[in-house]
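The values are calculated or read from the model by the stated rules, or taken from the named source; none is laboratory data. Please read these numbers as outputs of a predicted model, since none were measured by experiment. As a convention, Cβ positions derive from the backbone with ideal geometry for all residues, glycine included, and neighbour counts pool all protein chains shown. With ligands, DNA and RNA removed, areas are computed over all heavy atoms of the protein, side chains included. Shrake-Rupley method; radii C 1.70, N 1.55, O 1.52, S 1.80 Å.
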Amino acid sequence: MAEKIKEMNTPIPESANVSLMNCIDLSSSDVQSSVSLLKQACLDSGFFYVINHGIDKEFMDEVFSESKRFFNFPEQEKMKLLKNEKNRGYTPFFDENLDPANQIHGDYKEGYYIGIEVSEDQADAQKPFYSPNRWPSEDILPRWRKTMEKYHQEALEVARSVSQLIALALGLDINFFDQPKMLGNPIATLRLLHYEGRTSEPANGIFGAGAHSDYGLITLLATDDNYGLQICKDKDAKPQIWEYVPPLKGAFIVNLGDMLERWSNCFFRSTLHRVLGNGQERYSIAFFVDPSHDCIVECLPTCQSEKNPPKFPTVKCKDYLLQKYKDTHADISSYT
């Protein structure tokens, strides 16, 4: 594993804790071994690497390159594509505040949300998380839309493959999460991210991204070669112990979301994570995979018993997500 860790622009401090995570090879024919490795990772931290996922390295480089082109524009140009009420488009620095109890400002990052393209005349467009996307003009970024739509499609296929292994690890049918009301019609959101070159100061409430767990089923994260991502396996520990997750060449860092923790009755974990800036710019690409708007998330039969009853009430996906976005994002009206 060690030889596959990227040669980072800035090495992780020697005194820092580093997380050693399982690596799942999606090209492996030994499905049972993959399921076993994934299950162990989901019990331990809910974080793992996925390699040989089928997305071409040169194409991944192109996605990062196109992302940087957009973020290099002047602020006034990016603000022309400010997010709308469906969370499609540009989010400025400090727009998101993931850990308000410990942050003095919002996150020192800017982003761009891209979801599944749904035209205004489709019935789904009336739902909170389905709509047309906001796209930069082809005059200034001619390949941008085509690149991002292709990446969105390919990342969703990787997520389906991972969800099959998760289903098997939970004792379910392999296609359990690919039902129409789950990943058959998902809320799948690509988010390009750019962290400014500022050094975080946790003791002073300054973070690239505040501590949080993701909201949905799973997240696929691609990063550049700058470290910054940290996880905390025990959120109740005092003090909390944070471990760096090193970038891994050609891999996705995958983590579980809150809905999967609810589905599995806390058998699998949605772990706290955050980003610390190290003084260098950092780019990453997150792909958040959530079930459909109307999916009811309730404890799985394989994860409950008389001695271990459901720990959470049932919840509808859209209601859970809407509340989370409301809690962590700036209101659009604040920019007018």
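Laid out as a table, the results:
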quantity: Packing-based order for 253-261, 139-147, 31-39, 233-241, using average beta carbon neighbours within 10 Å, highest first; calculated: 253-261, 31-39, 139-147, 233-241
quantity: Amide proton proximity set for Ser131, modelled H, under 5 Å, gap of 5+; calculated: Val118
quantity: Accessible area of the chain divided out per residue, in Å², using a probe of 1.4 angstrom; calculated: 45
quantity: Karplus 3J(HN,Hα) series, Hz, for the stretch 221-236 with 6.51 cos²θ - 1.76 cosθ + 1.60 (x for Gly, Pro); calculated: 10, 10, 10, 7, 9, 9, 6, x, 6, 10, 10, 10, 6, 10, 5, 8
quantity: Shape call, the chain: gyration tensor on alpha carbons, a/c limit 1.5; calculated: rounded
quantity: Mean Cα-pair separation over length for the stretch 137-211, i.e. relative contact order, pairs under 8 Å, 6 or more apart, %; calculated: 17
quantity: The chain - Cys residues lacking any other Cys C-beta under 4.7 Å; calculated: Cys23, Cys42, Cys232, Cys266, Cys299, Cys303
quantity: Förster radius 30 Å - calculated FRET efficiency between Gln122 and Gln304, Cβ distance, rounded to 0.05; calculated: 0.20
quantity: Ordering of 282-293, 93-104, 46-57, 159-170 by burial proxy (mean other Cβ atoms within 10 Å per residue, highest first); calculated: 282-293, 159-170, 46-57, 93-104
quantity: The chain, accessible surface, carbon-and-sulfur percent (1.4 angstrom probe); calculated: 49
quantity: Charge dipole of the stretch 112-189 about the Cα centre (unit charges at C-beta), most positive-ward option of Ala167, Ala125, Gly115; calculated: Ala167
quantity: Among beta bridges that DSSP assigns inside the chain, antiparallel share in %, nearest 5; calculated: 85
quantity: Ordering of 201-209, 67-75 by packing [mean C-beta count within 10 Å, highest first]; calculated: 201-209, 67-75
